[in-house]
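The structure under discussion appears below in the form of structure tokens.
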Amino acid sequence: RCGQRVMQGMEGDMDLQFLLQGGDLLKVRSSSWKKTRYFKLQEDCNTMWHESKKTFKTNQTFSLADISAVRMGRQSEGLRKYTGEQVEGRCFSIIFKARRKNLDLIASSEEEAKQWVNSLQKMLSIINNLTAQQKTEHWIVSCLRKADKNEDDKLSQSEVKNFLRLINIEVDDVYAEMLFKKCDKSKSGYLAGEEIRHFYDLLTHREEIVVIFGEYAKTTGYMSPENLVEFLMKEQREKATLADAHQIIEKCEPDENAKQKKLLSKDGFLMYMHSPDALVLNSDHREVYQDMSHPINHYFISSSHNTYLMEDQLQGPSSTEAYIRALLKGCRCVELDCWDGSDDEPVIYHGYTLTSTILFKDAIQAIKEYAFKVCLVSSIIQYHKTSISTLCTICVFHLVIPRHPTTQLSSPWRTTAKEENQSKQKKKLKMAKGLSDMVIYCKSVHFNGFEDARKNLSFYEMSSFKEGKALELAEDRIYPAGIRTDSSNYNPVPLWNAGCQIVALNFQTSCSDMDVNQGRFLVNGKSGYILKPAYMRDRGSEFDPITLTRGDWLKHKTLHVMVISAQQLPKVNEKKSSIVDPLVKVQVYGVPDDVAEKETNPIDNNGFNPTWNENFQFDVYVPDLALVRFAVEDYDTTSDNEFVGQFTLPFNSLKMGYRHVPLLNKNGDVVPSAGLFIHIMVLDAE
């Protein structure tokens, strides 16, 4: 069973046993809709089942992998609106990925609520920390369980074919029968026990990995430390020592006998190739690696437009959850449109539209909880005195108050240290001075032309433009045009190329433009700050992304990409009969001379393990500003291709050699088990 394999060693774990036993919880939807539901974890240790009675006639379930977070207390808007403070300690919320509504629940006691939250968080931590190989096994075995309709732990020939469809592969009856007979050693007409294991091994066989392994496994089918060093240096272009090889073997080799002999087996090599160190993204860039002491105008800043909106700009809902989601995605500049509400309580919404409102204080509370790991820049439109009091009350230890006149903007790291003297100063802040006195990073001013700006603007003054005007002027803060009432986005790359620090997008909208934005800010610890190249920080620079005259920015590179294969691609349509015909697009974003796109041929009816072995070459002239996007689409001859998954990263964060590429769904969440296998080479152009 899946749960037995993935949760090894947890048989006596009290948190796991609590979830398996389950219990009643009060589900809250509105002030008048609060009903008891029975929740329990199923035996696969991955699926939560719930129903009003302790019967199993209906199938209302959700996967633990679909959960984004579990939050204790009345943190959701629904619980704050429909429950009282007296049940604060009994409340908790399950927050889902994508656009699924939160699940707001009330336990019978504070102790029980804590038990639910702690137990669920433990299971989420275990699932999130599974290796890629374990996630693959987890997914495949869960599909095997679905295919086993009568739950007898056996697979008939028809169930095998059903299973193949579930894992996104279509085969004809002849091949399915051949595969079945090959595994049916007992000639019983069904697969059981080791026969299912053999079937699994056939499906997960990676011929491309076996070939690479065989080239370096020169010690009776194993890699010695010396073999591994040779592979790392020759193929992966990494500086490697025998000590590095020993560490990899110790970490990745599953066979204890091989590990004791300092050898790496094929399974150990596959496990290493799925590890973070072997992914396409430079693992060093996952952490903060850039100088964070520059003034903030020296950085590209991850920025959100109308952050409070969950959907469109005219009548969509506003929500504090929108702030939380944007902040968790690394957004560092959020927008609060403040308006007068009832009882002198300021609210936030898109003014003069039918969008719903949220309380200003609730938005500030959410920002306090999720924003202040690094410096946050807020764009506050409209205000009154109550806003000032709210900010000072909730965020008193997080506001940056200038101590003396400065000649440059603060750095992103200025507010990370807790300074006792500064906190005392914040407490003495006079409310009557107004919210504008607290806006000390940037002051919005009207743009009167470049000549006026050079002569009269101070370092802290900035101008905002709609996207169309920005493409003409390419200055400072940019936001989507007013005609984008559907919250669609625009390509941020040309504006970054022109040096714009704050290019605000609609974070609630999934699209390739948002993919590129997230790819830009994927690195540097996902801090939301990316240091501009030196030539973009120099006021005297002659850099022009259009003409590309000679300068420090010209570092002509040739990018070679070989798209080898893909693994466990998700279905576009959840109907069992729907199988993807995948193709891979490799796209380069950057200055106009670098923009390019190439694609593989589609593979018919195979989303499980398609193979391409196709090579592409790109010229990249300004690598500092370039990004590479790997996109998988479901090919369609009669209509537009459908999105399957993608991964975008900065060109300078690519790792060379054989690399796995994780895939993200439309909402930017990792698709478990799915990925591409590629080979990357970056060379200096002649």
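What is the mean projected area of the alpha carbon convex hull for segment 199-264, to one decimal in square nanometres?
Hull-based average projected area comes out at 4.9 nm².
Label K122 and D284 with points 7 Å out from Cα along Cα→Cβ: what is the distance between them in nm?
Distance between the two pseudo-spin positions: 3.9 nm.
Percentage of Cα-Cα pair distances in segment 103-155 greater than 12 Å, rounded to whole percent?
Numbers: 1023 of 1378 pairs.
Roughly 74 percent, rounded to a whole number.
For segment 101-184, what does the accessible surface come to per residue with a 1.4 Å probe? Please give it in Å². Write down the numbers at each step before the final one.
Working: 4130 Å² over 84 residues.
Ligands and nucleic acids excluded, the figure is 49 Å² per residue.
How large is the accessible surface per residue of segment 517-611, computed with a 1.4 Å probe and reported in Å² as a whole number? Let's see the in-between values first.
Working: 4210 Å² over 95 residues.
Averaged over the residues of segment 517-611, the accessible area is 44 Å².
What does the net charge come to around Q121 if you take all other residues with beta carbon closer than 13 Å to its beta carbon, with K and R at +1 and D and E at -1?
+2
What value does segment 483-547 have for Rg/Rh, both radii from Cα atoms and Rh as Kirkwood defines it?
Working: Rg = 13.5 Å, Rh = 13.3 Å.
Rg/Rh: 1.01.
Tell me which of Q587, L505, N150 sits at the most positive position along the dipole axis of the chain, charges placed on C-beta atoms (Lys, Arg +1; Asp, Glu -1).
L505
Give K598/K666; K154/K182; K466/K598; K469/K598; K40/K146; K154/K251 a once-over and call out the pairs whose C-alpha atoms are over 27 Å from each other. Walk me through the numbers on the way to the answer.
Details: K598/K666 21 Å; K154/K182 16 Å; K466/K598 31 Å; K469/K598 31 Å; K40/K146 19 Å; K154/K251 35 Å.
Violating the 27 Å Cα-Cα cut-off are K466/K598; K469/K598; K154/K251.
As an exercise, take the mean of 1/r over every pair of distinct alpha carbons in segment 568-670, invert it, and state the Kirkwood radius in angstroms.
Result for segment 568-670 stands at 14.8 Å.
How much net charge surrounds D604 when only the other residues with a Cβ under 9 Å from the Cβ of D604 are counted, with Lys and Arg +1 and Asp and Glu -1?
Counting the neighbours of D604, the net charge comes to -2.
Going by the alpha-carbon gyration tensor, a ≥ b ≥ c the square roots of its eigenvalues, is segment 104-245 rounded (a/c under 1.5) or, if a/c is not under 1.5, prolate (a/b greater than b/c) versus oblate? Intermediate values should be presented prior to the final figure.
Numbers: a/c = 2.86, a/b = 1.11, b/c = 2.58.
Oblate is the answer for segment 104-245, as a/c is 1.5 or above yet b/c matches or exceeds a/b.
Along the three principal axes, how long is segment 276-315 when you take its alpha carbons, biggest first, rounded to the nearest angstrom?
For segment 276-315, the Cα spread along each principal axis is 45, 31, 11 Å.
Rounding to the nearest 20 debye, state how big the charge dipole of segment 17-98 is about its Cα centre with +1 on each Lys and Arg Cβ and -1 on each Asp and Glu Cβ.
Here the size comes out at about 360 debye.
Give me the percent of accessible area attributable to carbon and sulfur for segment 45-151, probe 1.4 angstrom. Present the calculation step by step, with values, prior to reporting the outcome.
Values: 2440 of 5420 Å².
Roughly 45 percent, rounded to a whole number.
How large is the charge dipole for the chain, taken about the Cα centre, if only the Cβ atoms of Lys, Arg (+1) and Asp, Glu (-1) carry charge, to the nearest 20 debye?
On the way: 85 positive and 92 negative charges, 456 e Å.
Taking the Cα centre of the chain as origin, the dipole is about 2200 debye.
With every protein chain present, what is the per residue accessible area of segment 252-327 (1.4 Å probe, Å²)? Please report the intermediate quantities before stating the final value.
Numbers: 2890 Å² over 76 residues.
Computed with neighbouring chains in place, this is 38 Å² per residue.
Give me the one-decimal Kirkwood hydrodynamic radius in Å for the chain, with the sum taken over alpha-carbon pairs.
Working: mean 1/r = 0.0357 Å⁻¹.
28.0 Å is the Kirkwood radius here.
Over the alpha carbons of segment 523-592, what is the largest minus smallest coordinate on each principal axis, giving the biggest first in Å?
61, 29, 19
Quick one: what do you get for segment 227-365 if you divide its Cα Rg by 2.2 N^0.38 Å?
Working: Rg = 25.3 Å, N = 139, 2.2 N^0.38 = 14.3 Å.
My calculation over the Cα atoms of segment 227-365 gives 1.76.
Quick check: net charge around L228, other residues with Cβ under 14 Å of its Cβ, Lys/Arg +1 and Asp/Glu -1?
Local charge sum for L228: -1.
Please give the helix 207-216 orientation as an angle from the longest Cα principal axis of the chain, in degrees from 0 to 90, rounded to the nearest 10.
The helix 207-216 is inclined about 90 degrees to the chain.
Regarding segment 15-106, what whole-number volume in Å³ per residue does the convex hull of its Cα atoms give?
It comes to 106 Å³ per residue, whole-number rounded.
Roughly to the nearest percent, how much of the accessible area of segment 205-291 is carbon and sulfur, given a 1.4 Å probe?
Numbers: 2360 of 4670 Å².
After summing per-atom areas, the C and S share lands at 50 percent.
If you restrict to DSSP beta bridges whose two residues both lie in the chain, what percentage is antiparallel, to the nearest 5?
Working: 86 of 103 bridges.
Of those bridges, close to 85 percent are antiparallel.
Please report, as a whole percent, how much of the solvent-accessible surface of segment 499-590 comes from carbon and sulfur atoms (probe radius 1.4 Å).
47 percent
The values are calculated or read from the model by the stated rules, or taken from the named source; none is laboratory data. Model, not experiment: these values are computed from the prediction. Backbone-built Cβ (ideal geometry, glycine too); neighbour counts: all protein chains shown. Calculation scope for accessible area: heavy atoms of the full protein, side chains included, ligands and nucleic acids excluded. Shrake-Rupley method; radii C 1.70, N 1.55, O 1.52, S 1.80 Å.
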